[in-house]
Amino acid sequence: MSAYLAIDFGGTRSRAALYDDKLRLLQRAETFSRVSDGPDIVLNRLIDLGKSLTSAGGQPASIGISAPGPLDTAAGLIIKAETLPGWSNVPIGQALSGAFGGSPAFVQNDANLGALAERAFGAGQAADPMIYLTISTGIGGGAIIKGELFTGADGLAIEPGHMRLTLPDGGLRRLEELASGTALGYWARQRLKSTDLPSSLRAKKVVDGQAVGEAAAAGDPLARAVVAQAGEWLGLGLVNLLHLFNPAAIVLGGSVMKLGDLLLDPAREVLREHVLHAGFLRSNLLRRAALGDDACLLGAALYARQSTYRSA
């Protein structure tokens, strides 16, 4: 029986899983990435994590690796990643392949693999084109067009979190600076400094995205205003994606989506206000992701299986 090793390497946590040829989960493990230890130590940690699953099962048929981009997927390199300070041209594919007896390793952007998994097994099934956004520390995304993962001319597509939007003061910001979990913390801290509005956040030692989300869910007016503003910015980003791709569905995942309608209602209002034509707003257009934290793992296994068959 063929087995596929999936590695989901993130800035905070790393996960590994072993899947059979029908992509049924056999084993799973995870650990903290601790990327500040540097590439060599972290790569060895990933290898140990994978070997904890394969020691009894032998050499995997292939390895699928989910990593933050931008990537050189052909060479299996992490070129540079915003979430990995100091990492440059790290040969993650070569390192994993060499550690597992030369099993081919296929590296792909984490959000692209989330898109692949949600299209095949999750909330985006049968939707074509389908756009996937993961909204957490930053904002990543992937696109499925005619049933295939769209990665652009050089394998670098798509990066929706890096769309530039103009603020009322004329400044330019990336979408992930306006609507991610990191952004929620930043804009809440700005409001706490610039206003005297009462807020439970004033008693917090750390005002980050999680704290803002919890306060908003509890009804805190300042936190809710921050979330609503983030939802409006998100809505503008979604309008741009609608006009570019005319997708059948946009699947939204990531930790920030736990805010639900507190974030999405303002986004939907902006969509209705700014969309070019109502025909873009298909029924069931915005969908909550269904696969949770293991979307990228499952996507990595699926990508490894597809890539192995294609190269056979």
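The values are calculated or read from the model by the stated rules, or taken from the named source; none is laboratory data. This is a predicted model, so every value here is computed, not measured. In this analysis, Cβ positions are derived from the backbone assuming ideal geometry, glycine residues included, and neighbour counts consider all displayed protein chains. Protein only, heavy atoms only, side chains kept; ligands, DNA and RNA dropped before computing areas. Shrake-Rupley method; radii C 1.70, N 1.55, O 1.52, S 1.80 Å.
Among the trypsin sites (Lys or Arg not before Pro) within the range 1-64, which fall in a DSSP loop and have no more than 14 other Cβ atoms within 10 Å of their own Cβ? Show your work: numbers first, answer last.
Working: sites: ARG13, ARG15, LYS22, ARG24, ARG28, ARG34, ARG45, LYS51; in loops: LYS22, ARG24, ARG34.
Counting only loop positions with at most 14 other Cβ atoms within 10 Å, the trypsin sites (Lys or Arg not before Pro) in the range 1-64 are LYS22, ARG24, ARG34.
What is the Cα radius of gyration of the chain over 2.2 N^0.38 Å, N being its residue count?
Numbers: Rg = 20.0 Å, N = 312, 2.2 N^0.38 = 19.5 Å.
Ratio of Cα Rg to 2.2 N^0.38 Å: 1.02.
Can you list the lysines whose alpha carbon is less than 24 Å from that of LYS51, not counting same-chain residues fewer than 8 positions off?
By straight Cα distance, LYS51 reaches LYS22.
Based only on the alpha carbon positions, what is the Kirkwood hydrodynamic radius of the range 257-299, in angstrom? Kindly include the intermediate steps, with their values, before the conclusion.
Details: mean 1/r = 0.0809 Å⁻¹.
Computed over Cα pairs of the range 257-299, the Kirkwood hydrodynamic radius comes out at 12.4 Å.
What order, most packed first, do the peptides 144-152, 173-181 have when packing is the mean number of other Cβ atoms within 10 Å of each residue?
Working: 144-152: 14.7, 173-181: 23.6.
The peptides rank, most packed first, as 173-181, 144-152.
For the range 202-245, which whole-number percentage of the solvent-accessible area (1.4 Å probe, protein heavy atoms only) is attributable to carbon and sulfur atoms? Don't skip to the end; give the middle numbers.
Working: 1090 of 2000 Å².
About 54 percent, which is the carbon plus sulfur part of the accessible surface.
If you take the beta carbon distance between LEU281 and ASP208 as r and set R0 to 25 Å, what does 1/(1 + (r/R0)^6) give as a FRET efficiency, to the nearest 0.05?
The computed FRET efficiency comes out at 0.15.
Taking θ = phi - 60°, what integer Hz values does the Karplus form 6.51 cos²θ - 1.76 cosθ + 1.60 yield along the range 227-232, in sequence order, with x for Gly and Pro?
5, 4, 5, 4, x, 5
Leaving out same-chain residues fewer than 8 places away, which aspartates and glutamates sit with a Cα under 18 Å from that of LYS80?
List returned: ASP8, ASP37, ASP40, ASP72, ASP110, ASP154, GLU159, GLU176.
Straight distance only, please: which lysines reach the Cα of LYS204 with their own Cα at less than 21 Å, same-chain residues fewer than 8 apart left out?
LYS193, LYS258
How would you order 293-304, 188-199, 223-234 from highest to lowest mean count of nearby Cβ atoms within 10 Å? All intermediate terms of the calculation are to be shown ahead of the outcome.
Numbers: 293-304: 26.8, 188-199: 14.0, 223-234: 22.1.
Highest to lowest by the protection proxy: 293-304, 223-234, 188-199.
Just check the range 194-312 against the gyration tensor rule for me: Cα atoms, a ≥ b ≥ c as the square roots of the eigenvalues, rounded for a/c under 1.5, and otherwise prolate or oblate depending on whether a/b exceeds b/c. It would help to have the intermediate numbers written out before the result.
Values: a/c = 3.21, a/b = 1.47, b/c = 2.19.
Taking the square roots of the gyration eigenvalues as a ≥ b ≥ c, the range 194-312 is oblate.
Give, as a single signed number, the net charge of other residues whose beta carbon lies under 12 Å from the beta carbon of ALA123, with Lys and Arg counted +1 and Asp and Glu -1. Numbers along the way, then the final one.
Values: positive: ARG119, ARG287, ARG288; negative: GLU118.
Value of the local net charge: +2.
Tell me, what ³J(HN,Hα) does each residue in the range 284-297 have, in order and in whole Hz, if you take phi through Karplus 6.51 cos²θ - 1.76 cosθ + 1.60 with θ = phi - 60° and put x for Gly and Pro?
6, 5, 8, 10, 6, 4, 10, 9, x, 5, 9, 4, 5, 4
If I model a spin label as a point 7 Å beyond the Cα along the Cα-Cβ vector, how far apart are those points for ASP20 and ALA153 in nm?
My value for the distance between the label points is 4.5 nm.
Step through the residues of the range 244-250 one at a time and calculate ³J(HN,Hα) from phi using the Karplus curve (6.51 cos²θ - 1.76 cosθ + 1.60, θ = phi - 60°), rounding each to whole Hz and writing x for Gly and Pro.
After applying 6.51 cos²θ - 1.76 cosθ + 1.60, I find 7, 10, 6, x, 6, 7, 10 Hz.
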